[in-house]
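Here is the structure we will look at.
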Amino acid sequence: MKNIKNAILLSVGLLLAACSKNLDIKPQGAVSENNFWQTGDDALLGVNAMYEPFDGEEFYGRGYMWFINASDDMVTGRINTNADAIKNFNRTYYSGGYTVDQWDMRYSVIRRANDLINKVPAINMDATLKNRYLGEAYFLSGLMYFQMAYNYADDRAGLPVITRANNNDPNPTPRAANITVNYNYIESELKKAASLLPYLGQLNTADYGRPHKVAAWAYLSKLYLYKKDYANAEKYADSVINQGSRSLMPNYADVFKAANNFGSEYIWSAVSTAKGSSGWGSILPGVMLENKGWGQYNGWGYYQPTKELYDAFEQGDTRREATILKPGDKFMYFGTLNTYASVNSLSGYQFNKYMEPFSYANPVGSSISPNGDHPTTNLNVPLMRYAEVILIKAEAELMQSKNADIEINMIRKRAGLAAIQNATMDELKKQRRCELAGEWADRHRDLVRWGDAQATYAKPLHGSNGQVIWPARTFDPSINSVWAVPQTEIDKSNGIIKQNAGW
Amino acid sequence: MSPNLSVGSVYIGSDPNQLNGYYSYDRANPNLTWAKSRQTDVGLDLGFLDERITLNADYFVKNTEDMLMNIPAGIGLGSVWVNGGKVRDNGIELSLNYNSDPKKAFRYGVGANFSKLNDKLVSLPNNITTYGTSPSVRGLLSPIRTEVGHPLYSFYSVKTDGLFQSQDQINAYKGSNGTLIQPNAKPGDIKFVDANGDGKIDDNDRQFMGSAYPNFSYGVSLNASYKNFDLNIFLQGVQGNKLYNALKYTSLNAGGLGQNYNLLKDVLNAWTPTNTNTNIPRVTASDNNGNFGTNSDFYIENGSYMRVKNVTLGYTVAPRLLSKVGISSLRVYTTANNLFTFTKYKGFDPEVGFDNYGIDVGRYPQSRSLIFGINLNL
């Protein structure tokens, strides 16, 4: 018999996975800079890429809403030290966290716009489309710089301007001398956009959500308002008004319905959808929803309105109930009539503006995102709407000592309030606050530019039961009028980009 | 060399449709060349007593020029490959082995190895002095910095100086202009060092605080046999490295991520007016002083450890007892892995290595295992 040897091993072994070596072969058909920008189809792909960052959680979801949350209209509704540091103007906030990507995301749009403006003119393609594509690039470039400029730049330091010529230069670009340099650049970008873009009515509905001429004018009017060039602010607001296609919706609450995403009041918004596995667009409605959504959906419970905001509305102002849910209010939620009561909102209130998508039965996947960790809805969150243009015009008039009663009373009338005469800046401030609460119009920026922030923030904030929910804060206008540059940008630039003074 | 374009998806339209977009995120560099490196080795191999004692020693210096570096391509972009880093590595490796007389019944061997590696960034292209971005702890703390003149991937953090024990100490901690350096502090909060003396604590107060590179690492193996018994012990360790114990951020911080639950038991030792002899700051749902929100050496700990990695004890049954039942050999053994660890490190497991450059966000610890085995040959 043959002596067969069997080896039996009874032990637990460790399996080492072999390393696979990457082969230095380029995949066939891959698209690179070398074979792109050849056709009109390429140009459209390049245009679309500019919108890609808008799905970011911190773009039109939270992001600058953290800064708007510094206002007296709202508080962070739950425990979160990083969020508290932002609201309290505490410098521990800026090394990381929620606001660290605010520059990078916007500059990524600017880089793509620059590439497009560098490459598309040489493409042989339909001239009308070429103009539209270039117009989209100028518009988004201007808008991104504008959103950063008023938050981070002032007379002492501007933003880095990445020109078309230095778009491929890896060396860091220093900050421009001051905000005026930026505002002039933005003005030129938006004017080019306005000259190239079609009117909204000339776009196919499949292209709604792309910029149009009137949106460029509207942002020009806001730019001039912030720049304190009131004559031009009024002029461009008039351009929007006189073009005639935009109007206030008769009923304020209808502005915040998905069916009216592109209604008569629309000028520019964050296109959003519940489609796909995680939705796409602004997550703000889910971020403002009750934390854990009363067991039905992953609401995040941030940004809850204060008693200060609630009390700012006049008796009979129909906007108040459309804007705020208070304890005891009836509202539809997941197809049933509920009575509002919060389990965990710090203020005891909740914003009501963005609740329509949550009102229907079985909304998940149809009007709200299937992914509660990315809670988008089918409601486009307004970024610029006609009512704001009316208010920009009114403010520009008042600042030029003109009468603004026509515009103020348009807003008051729609809100169910009686007309007034000889409206003052106090009235303008109240209307701007009540009309645009919880929107990107930016109450915090308004308080800063009106010079009201220091006094306002020196008062504590209250909840629905009248208790103090946020102590008084110290706002130093010489430091806190602009936010701190994200530390990563300073580090990545090897210190060439400087921090704002005092932060 | 031109990197592929990135693809993103967007939704546009009154009834939004998904569309693709292409964009150039990582940038091309047409002038890229190979890196050049020059290495010098000096080695020594010695053997004594019929090679029962051996010593191997190696020393090397490696200078790399035009090193390929993936640097940020600019704000709003990904990265670009460039030539230009200059790095000097040098190191020493020693191993010493001794085996006892093989003719005796009790035989043993001892082996030890030791290695020390230094690397230093000598220069970067375009006269820049730092490069790269840091991996972060939940997007909040970014401690890693690579700067000319320092080891690659060093920790760069604000230095701490204990806890404030009283309001008087906070009030006495003033800048040269007389204002409080930490106005938001309360007793039990961390005192940070105002390294640049500007009267406030911020990222300009960061300093280099070592790195996850050890001063040296070592291993010792012992094996012995006496008659039918055999024993193997393997120890291994590193000395002089630092680790960033970011588990503290998530597990001692009562307000950090909006969750004041699932904290480590150590939080019971947090500062209170009656528990002052501690380095864990007071428990608070807000973090106005930035105890946890500041990238500081509160997180940096000594990562040195020595670990009894493996112990095996075996017994081989004599062949003459087995041949009658048709078995040619039989050994029974038991092995213990990760039996003991000697360390001062407070995280789950000091064997973080260079993963994440030594930032330990609560890596799952290695288990201690006991194995019993039979090795049977027919």
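Think of chain A as having a plus end and a minus end, set by charges on the Cβ of Lys, Arg, Asp and Glu; of A:Ala423, A:Asn242, A:Gln296, A:Gln296 sits farthest toward the positive end of this dipole. Pairs of Cα atoms in chain A fall into 10 Å distance bins, from 0 up to the last occupied one, in shares of 4, 18, 28, 27, 14, 5, 2, 2, 1, 1, 0, 0 percent.
Its Cα gyration tensor gives the stretch A:251-368 an equivalent ellipsoid; the semi-axes, largest first and in whole Å, are 22, 19, 13. Shown is the FRET efficiency for B:Val332 and B:Val61, computed with R0 = 56 Å from the Cβ-Cβ distance and rounded to the nearest 0.05: 0.70. Helix A:230-243 and the longest principal axis of the Cα set of chain A meet at an angle near 80°. Taking the longest Cα principal axis of chain A as reference, the axis of helix A:213-226 is set at about 70 degrees. For the stretch B:338-378, averaging the sequence separation of C-alpha pairs within contact (under 8 Å, six or more residues apart) and dividing by the residue count gives a relative contact order of 44 percent. Taken as Cα centroids, the stretch A:185-248 and the stretch A:110-134 sit 20 Å apart, rounded to the nearest whole angstrom. A convex hull fitted around the alpha carbon atoms of chain B yields 281 Å³ per residue.
Rounded to the nearest 20, the Cβ-based charge dipole of chain A about its Cα centre (Lys and Arg +1, Asp and Glu -1) stands at 640 debye. Put a dot 7 Å past the Cα of B:Ser323, heading toward its Cβ, do the same for B:Glu93, and the two dots end up 4.5 nm apart. Using only Cα atoms and rounding to the nearest 10 degrees, what angle (0 to 90) does helix A:127-152 make with the longest principal axis of chain A? Between the helix axis and the principal axis of chain A, the angle is about 80 degrees. Using only Cα positions of the stretch B:310-351, each an equal point scatterer, no hydration layer, compute I(q)/I(0) via Debye at q = 0.23, 0.26, 0.30 Å⁻¹ and quote the log10 values to two decimals. Values returned for q = 0.23, 0.26, 0.30 Å⁻¹ are -0.81, -0.88, -0.98. Which one, A:Leu309, A:Pro327, B:Trp34, projects farthest toward the positive side of the charge dipole computed for the protein assembly as shown from Cβ point charges (K/R +1, D/E -1)? It is B:Trp34, whose Cα lies furthest towards the positive end. Distance between the modelled labels on B:Lys344 and A:Val364, one decimal in nanometres: 5.1 nm (7 Å Cα→Cβ projection). Once the Cα-Cα distance is subtracted from the 0.36 nm per residue extended length, the A:Asp476 to A:Asn232 segment shows a gain of 84.8 nm.
Here the contact order of chain A, divided by its residue count and restricted to Cα pairs under 8 Å and six or more residues apart, works out to 18 percent. Which of the residue pairs A:Lys498/B:Lys159; A:Lys353/A:Lys492; B:Lys120/B:Lys159; A:Lys330/A:Lys430; A:Lys326/B:Lys200 have a Cα-Cα distance greater than 30 Å in the structure shown? Those over the limit are A:Lys353/A:Lys492; A:Lys326/B:Lys200.
Translational diffusion of the protein assembly as shown, estimated by Stokes-Einstein from the Kirkwood radius over alpha carbon pairs at 4 °C in a medium of 1.567 mPa s, is 41 µm² per second. In the protein assembly as shown, taking the dipole from charged Cβ atoms about the Cα centre, the farthest positive-side position among B:Leu264, B:Asn288, A:Gly365 is held by B:Leu264. Partner shielding of A:81-92 amounts to 6, given as the average count of beta-carbon atoms from other chains within 10 Å of each residue beta-carbon. Taken about its Cα centre, the stretch A:401-503 carries a charge dipole of roughly 160 debye when the Cβ of each Lys and Arg holds +1 and the Cβ of each Asp and Glu holds -1. In units of the compact-protein estimate 2.2 N^0.38 Å, the stretch B:291-378 shows a Cα radius of gyration of 1.78.
Suppose R0 equals 56 Å; then what is the FRET efficiency for A:Ile420 and A:Arg164 from their Cβ-Cβ distance, rounded to the nearest 0.05?
Rounded to the nearest 0.05, the efficiency is 0.70.
Rounded to the nearest 20 debye, the dipole magnitude of the stretch B:191-287 is 340 debye, with +1 charges on Lys and Arg beta carbons, -1 on Asp and Glu beta carbons, and the Cα centre as origin. Between B:Ile374 and B:Ser286, the modelled label-to-label distance comes to 6.9 nm, taking each label 7 Å out from Cα in the direction of the beta carbon.
Compactness of the stretch B:1-157 is given as radius of gyration and Dmax, 25.4, 90 Å, from Cα positions.
Counting, for every residue in A:106-113, the Cβ atoms of other protein chains within 10 Å of its Cβ and taking the mean gives 4.
The numbers here are math on the coordinates, done by the rules we state, and not lab data. It should be emphasised that the depicted structure is a prediction, and the values quoted were computed from it without experimental measurement. No Cβ is skipped: glycine too gets one built from the backbone with ideal geometry, and neighbour counts run over all protein chains shown.
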